Amino acid sequence: MLKQHLQFKLSQKLSPQQIQLMKLIQLPTQAFEQRLKQELEENPALETGKEELETASDEYDDIYEDNSDNETINTEDINIDDYLSDDEIPDYRTKANNYSSDDEEKSVPYAAGISFNQYLINQLNTFYLSDDEWTIAEFLVGSVDESGYIRRPIADIMDDLAFTQNVYTDEQTIEKILAIVQDLDPPGVGARSLEECLIIQLERKELTPSVELATAILKKSFEHFTKKHYQKLIQKHNISETELKEAIGEIEKLNPKPGGSYSGNNRIIEHVVPDFAIRIVEGELELTLNGRNAPELHVSREYSNMLKGYKEAKDKSKSQKDTVMFIKQKLDAAKWFIDAIRQRQQTLFITMNAIMHYQSEYFLTGDERNLRPMILKDIADEIGMDVSTVSRVANSKYVDTPYGTKLIKEYFSESMKNEQGEDVSTKEIKKILETVIQNEVKKKPLTDDKLAVILKEKGYPIARRTVAKYREQLNIPVARMRKEI
């Protein structure tokens, strides 16, 4: 038996304009500037900079309609006042007190210099190599990853040279050319493992007893070294604790990622530009939005005059009618973009202002223990916006504070109850955990179980597995790896 029933489903769809606005809100300062540049290039009705505008007269209130030839150019919804009136100017053209000028930051900063790959190639030019040797060396350099390692087996490289470069060679020849690559700067580049990377760097150092011992430890007892089995190292190499400490000191000076200080192959590092700045002025918090997020925009006077000219023309051709529709679309798009930027500015400022006041105690002191538990919904409820909007601001924007520049989402954290039943931020607990570990006796570092006991004594009853989770989030290794001589 068939049954029919009605099902009502409530769904909400965002308009294309709302989606575009959400995307604009999500953009950080530098990406926003690129988006602005793109819009200015694509829409000739949108212009940047200041412009002295005359007050629109009443004659612009209605746009010309032509009903001849049964064709209607319906432009009643265009009011040139919307584009020309001085009343609209303060909303999107005048810088308010909460926008910083940032005139000195008009150019987008990038890391200068050549790519890591090109840096290595330039050094190869100082070696005398045959054509085949050069091809092999260049291929090896091309195989160096961003950390400075060659992680592919020599046999695979030999096969690739034959298939892609038409160079037929053997593993011994590649090993010989690899030694040349490993002679390049920075020391350790071209290594196939951490062990080899560290040994290459030690071999570049002046030979001293501690460097010689460090090299021997890496070559013969690398596993004991990585696991910090110090007593086994002392016994195996027949050395004193002081000698071991000096040798390990030499190893700790080495760079485990020789390529890390460079920008990476064909990659440019982009500097962070803070979207907000918080300052303490006479004991009060002051928030400013980076002025680069508040550009001066206006609708093109030339485009508005074209509409005026169309109205005054006695004879309207088909091409003129098509033109006025094109102008209407561009004017509408320009006005929408200006309004969207104004909404973006307001949304950013309102959101960050709420966050600043919610965490006022922290921003006044800089003490992370004063960070209140705060989730996205707390701020969304306070400013009457959607959680997703707050998320877009928090996940993509940076704020410059007296204590450094940080991603806004770092100020959000969940809460837990302490022994007094008060809500405390998980960030506060992490800070205390970090402090306890920093003050531990390094010869006998605290295990996660002991850390849990200490935190409980301080009034934070959390489980060992939670301690382990927080420790890992702080990038702190386990007790065994923190052990020192």
Dipole magnitude (debye, nearest 20) for region 149-204, charges at Cβ of Lys, Arg, Asp, Glu: 120
Separation of alpha-carbon centers, region 21-43 and region 340-414, rounded to whole Å: 22
Rounded accessible area of Asp448 (nearest 10 Å², 1.4 Å probe): 20
Region 469-485 - phi-based ³J(HN,Hα) in whole Hz, Karplus 6.51/-1.76/1.60, Gly and Pro as x: 5, 5, 4, 5, 5, 8, 6, 9, x, 5, 3, 4, 7, 8, 5, 10, 6
Label-point gap, in nm, between Asp156 and Gln329 - each point 7 angstrom along Cα→Cβ: 5.1
Amide proton proximity set for Leu184, modelled H, under 5 Å, gap of 5+: none
Rounded FRET efficiency, nearest 0.05, which uses the C-beta distance separating Glu382 from Phe127 and R0 of 60 Å: 0.40
Distant-in-sequence amide H partners of Ser300 (H built 1.01 Å from N, under 5 Å): Leu46, Glu47
Most to least packed among 213-226, 118-131 [average Cβ atoms within 10 Å]: 213-226, 118-131
Potential extension, Met481-Glu282 segment - 0.36 nm per residue separation minus Cα distance: 67.0 nm
Solvent-accessible area per residue, Å², over region 421-485 with all protein chains present [probe radius 1.4 Å]: 58
Residue order for Lys427, Lys397 - accessible surface, 1.4 angstrom probe, largest first: Lys427, Lys397
Lys219 versus Glu175: modelled label distance in nm, points set 7 Å from Cα along the beta carbon direction: 1.5
Spatially near lysine pairs across region 433-478, Cα under 17 Å, sequence gap of 8 or more or different chains: 4
Difference of contour (0.36 nm per residue) and Cα-Cα distance, Arg464 to Ile234: 79.5 nm
Unsatisfied cross-links (Cα-Cα over 26 Å) in the set Lys37/Lys330; Lys227/Lys406; Lys335/Lys409: Lys227/Lys406; Lys335/Lys409
Solvent exposure ordering (accessible area, 1.4 Å, most first) of Lys444, Lys37: Lys444, Lys37
Dipole-positive endmost among His237, Leu198, Ala214 within region 195-244 (Cβ charges, Cα centre): His237
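The values are calculated or read from the model by the stated rules, or taken from the named source; none is laboratory data. Computed from a predicted structure; not experimentally measured. Here Cβ is always computed from backbone atoms with ideal geometry, including for glycine, and neighbour counts include all displayed protein chains. With ligands, DNA and RNA removed, areas are computed over all heavy atoms of the protein, side chains included. Shrake-Rupley method; radii C 1.70, N 1.55, O 1.52, S 1.80 Å.
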